[in-house]
Every structure is written in structure tokens, then in C-alpha cells.
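Notes to accompany the following structure.
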Amino acid sequence: MAESNSTRPNIEDYMMSIAVGVRARANCLGSHIGAVLARDGHIVSTGYNGTPHKTPNCDEGGCVRCSNRDDFPSGTGYDLCICVHAEQNALLSAARFGIAVEGSILYSTWQPCFGCTKEMLQAGVIGVRYGESWEPRPELREEYVRLQSFFPEKVSKVDLPADADSHTRGIKA
């Protein structure tokens, strides 16, 4: 009988370590977020935040908001920002290649925003695991919690891998 490998990560640690690796591709000048969509323990899609496919990256001047951060205090100028969130990119990449996401769980290095939460619910994602917390404005917290309660497999915070590079931790601006 084969010996058990006690260093083998559980599925959440495994998926989160991959999400951390995916965020290394993020090019947004404001945050680095990585996401993995998995169904039945198998990866179906990944995504990181940055400009749309085949457009100049943030560090090439692709996003006006990212290129002019001093002109846009945190929480402003989102109507000018063209960056796509990591969670959106994971959903859209799956759609581009005809991969069903219904019944999947999303693993993200950052807690999804309202928009990404709505899109995941609409696409049939059944649960979310995230590493870094994000809080909406206090007056919107109740609605945010209510929206997230619709995931059958819940939304929960999990630890990021201990070896995750701190310089690429997401800070949504």
C-alpha cells in the first residue's frame, strides 16, 4: 500500500495557490488579482485583472485611470477605467472557449465586488473562496451580504498560501 503524502495541499489551498500564480500576470497599476474557476476539483478557467484582450496594457497607457492615478482618488473614475476584473476575465475566458461554468466554484485572491458577484450568480457559479477581504461602504454592507447569500456553496475567506508574494497582493483602488 502506498504511503500517504501529508504535504499534499487540500483543494482550497491548491486552487488558491494557483490564483496567486495567475495574479502575477495582472497588469493593472492599481491592483493585482487572480481568479480560478473550478468544477468538481478541476480548473475550467483562470483570469487576472487588466485591460481587455488585444488592447494596450495599463503600463503602456491602455487605461486612462491607471495612467493618471493622481487625478483619481481611490473609489473614483471607474467610468473611465477599462480594466476587467479577474473574476470577470475567468468567466469571459470560459465563455470565449465554450467552457461551461455552471456548478463551479471561484477562487480569488480578493473578495469579489458587487458586479462580479452578480455576474457569477448569473453564470451559475455556486460558491466563492477568497483570500483578501474587501468591504463595501457601510450603508451597502447589508445588501452585499444578502447578494452573496445566494451562492448555494457559500462565500468564505480562506488563507492565501504562506509563500504568496506580498508585493502582488491586491489593493483595489
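A few remarks follow.
- Of all residues in segment 137-165, those satisfying the criterion of being open to solvent by less than 90 Å² (accessible area, probe 1.4 Å) and modelled with pLDDT under 90 are PRO161, ALA164, ASP165.
- Scoring ARG23 on the criteria (1) in contact with a His (Cβ under 7 Å, 6 or more places away or on another chain); (2) without any contact (Cβ under 8 Å) to a residue 40 or more places away in the chain leaves a single failure, condition (2).
- Filtered residue count, segment 49-63, keeping only those that are open to solvent by 80 Å² or more (accessible area, probe 1.4 Å) and either among the charged types (D, E, K, R) or over 10 Å from VAL84 (Cβ atoms) (or both): 3
- Options SER93, SER108, SER149; residue that is touching a residue at least 60 places away in the same chain (Cβ under 8 Å) and of a type in the set (S, T, N, Q): SER108
- Within segment 96-126, tally of residues that are assigned to a helix (DSSP H, G or I), over 19 Å from ALA26 (Cβ atoms) and open to solvent by 30 Å² or more (accessible area, probe 1.4 Å): 5
Per-residue answers, yes or no, for (1) over 29 Å from ASP163 (Cβ atoms); (2) assigned to a helix (DSSP H, G or I); (3) under 14 Å from the mean Cα position of the chain (by Cα):
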residue: SER6; (1), (2), (3): no, no, no
residue: ASP13; (1), (2), (3): no, yes, no
residue: SER17; (1), (2), (3): no, yes, yes
residue: VAL22; (1), (2), (3): no, yes, yes
residue: VAL44; (1), (2), (3): no, no, no
residue: PRO52; (1), (2), (3): yes, no, no
residue: THR76; (1), (2), (3): yes, no, no
residue: ILE82; (1), (2), (3): yes, no, no
residue: ASN89; (1), (2), (3): no, yes, yes
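- Meets criteria (of a type in the set (S, T, N, Q) and either open to solvent by 50 Å² or more (accessible area, probe 1.4 Å) or over 25 Å from GLY21 (Cα atoms) (or both)) for SER93: no
- Residue list for segment 1-37, restricted to those being crowded, with 24+ Cβ neighbours inside 10 Å and among the small types (Gly, Ala, Ser): ALA19, ALA26, GLY34, ALA35
- Some residue of segment 54-73 being part of a helix (DSSP H, G or I), of a type in the set (Ser, Thr, Tyr) and either within 16 Å of the chain's Cα centre (by Cα) or modelled with pLDDT of 95 or more (or both): no
The values are calculated or read from the model by the stated rules, or taken from the named source; none is laboratory data. Quick caveat, the model's predicted, so the values are computed rather than measured. Cβ atoms come from the backbone with ideal geometry, glycine included; neighbour counts cover every protein chain shown. Only protein heavy atoms, including side chains, enter the accessible area calculation; ligands, DNA and RNA are left aside. Shrake-Rupley method; radii C 1.70, N 1.55, O 1.52, S 1.80 Å.
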